Amino acid sequence: MPERESQKTLKRLLPRLEKTLHQNISADPQAWHVFSERLQKHFPKLFKLYFEIYHSHYDFFFHLEDLLMALASSWFNRPQDLRELDNAREKDPLWFQSNQMLGGVCYVDLFAKDLEGVKSKIPYFKELGLTYLHLMPLFKAPKGENDGGYAVSSYRDVHPPLGTMEQLASLACEFRKVGISLVVDLVFNHTSDEHLWAKGAKDGNEDFMDFYRIFPSREMPDYYEQNLREIFPEEHAGAFTPLAHFGGGVG
């Protein structure tokens with residue numbers, strides 16, 4: 001991918017972003033300056049990767065513009081303490097490889113019952129010297145079989161027994177105050193059948209159906225499974241499941 005192509009694309013997109021975001025830019029020109037500088041620095045890599053994945057989609061350019069719009073809007077709404085953290089990490093891009101970094105991992109429910117319980121453990125985390133805490137799947141998932149919490153129904157909601165998105169944001173803020181980075185999983189290679197995308201696919205929406213691997217028979221899944229390991233063989237054999245909603249198809 002010639003860099004000239006990415007530069008040409010960005011040259012066309014920037015005026016469109018500026019036109020749509022003119023009120024934000026007028027209110028906070030310094031924020032736009034920082035964002036546009038970073039965008040120009042990283043866009044060639046973003047465009048190359050995005051093009052490799054989605055170049056065959058006729059609406060490629062629309063979604064690329066939509067992505068940049070979401071990034072810019074998110075930046076204008078980003079809290080000041082996170083902007084300052086971004087700036088510090090930009091000056092030290094290998095911060096995560098420092099020998100001062102010490103990570104931990106836990107399930108919220110097993111370790112502290114819920115998010116408020118995790119917050120109460122902050123003095124303990126400080127005593128351990130943690131600077132990085134990975135909370136195992138905490139987003140909304142179905143009851144019963146849910147791939148250990150990784151079959152997510154909504155990334156916009158915390159699993160109700162654990163707390164709320166507001167509590168998660170508060171926890172992240174309290175962690176930052178003591179130098180701890182919060183890490184959560186965003187596993188987009190599969191969802192639960194309760195997810196908005198899955199519901200759309202069940203309703204026959206072809207755009208949502210394209211998000212999943214759905215086959216009319218066992219022929220292709222059988223070929224795939226010759227080289228795929230089983231994740232939960234005790235619960236259900238193989239990597240594909242019969243789908244009643246698709247006339248006996250497999251996904």
Would you pick out the residues in the stretch 166-183 that are farther than 16 Å from Leu85 by Cβ and surrounded by fewer than 17 Cβ atoms within 10 Å (Cβ to Cβ)? Glu166, Gln167, Ser170
Does the stretch 142-149 include one or more residues that are among the polar types (S, T, N, Q) and within 21 Å of the chain's Cα centre (by Cα)? yes
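Yes/no matrix, rows are residues, columns are (1) in contact (Cβ under 8 Å) with a residue 24 or more places away in the chain; (2) not assigned by TED's automatic domain parsing to the domain that holds Pro137:
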residue	(1), (2)
Gln167	yes, no
Gly179	yes, no
Asn189	no, yes
Asp203	no, yes
Phe208	no, yes
Glu234	no, yes
Phe240	yes, yes
Considering only residues of the stretch 33-56 that are closer than 13 Å to Lys11 by Cα and in contact (Cβ under 8 Å) with a residue 40 or more places away in the chain, which is surrounded by the fewest Cβ atoms within 10 Å (Cβ to Cβ)? Pro44
Report the residue count in the stretch 185-227 for those that are more than 30 Å from His134 (Cβ to Cβ), exposed (fewer than 14 other Cβ atoms within 10 Å of the Cβ) and under 21 Å from the mean Cα position of the chain (by Cα). 2
Cβ-Cβ under 8 Å, sequence separation 6+ or interchain: first residue in the stretch 69-97 and under 20 Å from Ser170 (Cβ atoms), partner hydroxyl-bearing (Ser, Thr, Tyr). Which pairs? none
Residue that is nearest to Phe175 (Cα to Cα), among those in the stretch 126-161 that are touching a strand residue (DSSP E or B) at 6+ places or on another chain (Cβ under 8 Å), surrounded by fewer than 19 Cβ atoms within 10 Å (Cβ to Cβ) and among the aromatic types (Phe, Trp, Tyr): Tyr132
Taking the stretch 81-102 and keeping residues assigned to a loop (DSSP other than H, G, I, E, B) and either touching a strand residue (DSSP E or B) at 6+ places or on another chain (Cβ under 6 Å) or under 22 Å from Phe125 (Cα atoms) (or both) leaves Ser98, Asn99, Gln100, Met101, Leu102
Sole residue being farther than 30 Å from Gly179 by Cβ and either at pLDDT below 95 or loosely packed, with under 12 Cβ neighbours inside 10 Å (or both), chosen from Pro93, Pro79, Pro29: Pro29
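With a cut-off of at least 2 residues that are out of contact with any Phe, Trp or Tyr (no Cβ under 6 Å at 6 or more places or on another chain) and of a type in the set (Phe, Trp, Tyr), name the helices (runs of 4 or more DSSP H) lying wholly within the stretch 103-181. Can you show your working first?
Numbers: elements: 108-112, 115-120, 122-128, 165-177.
In the stretch 103-181, the matching helices (runs of 4 or more DSSP H) lie at 122-128.
The values are calculated or read from the model by the stated rules, or taken from the named source; none is laboratory data. Here the structure is a predicted model, which means the values were calculated and not measured. Glycine gets a Cβ as well: all are built from the backbone with ideal geometry, and neighbour counts include every protein chain shown.
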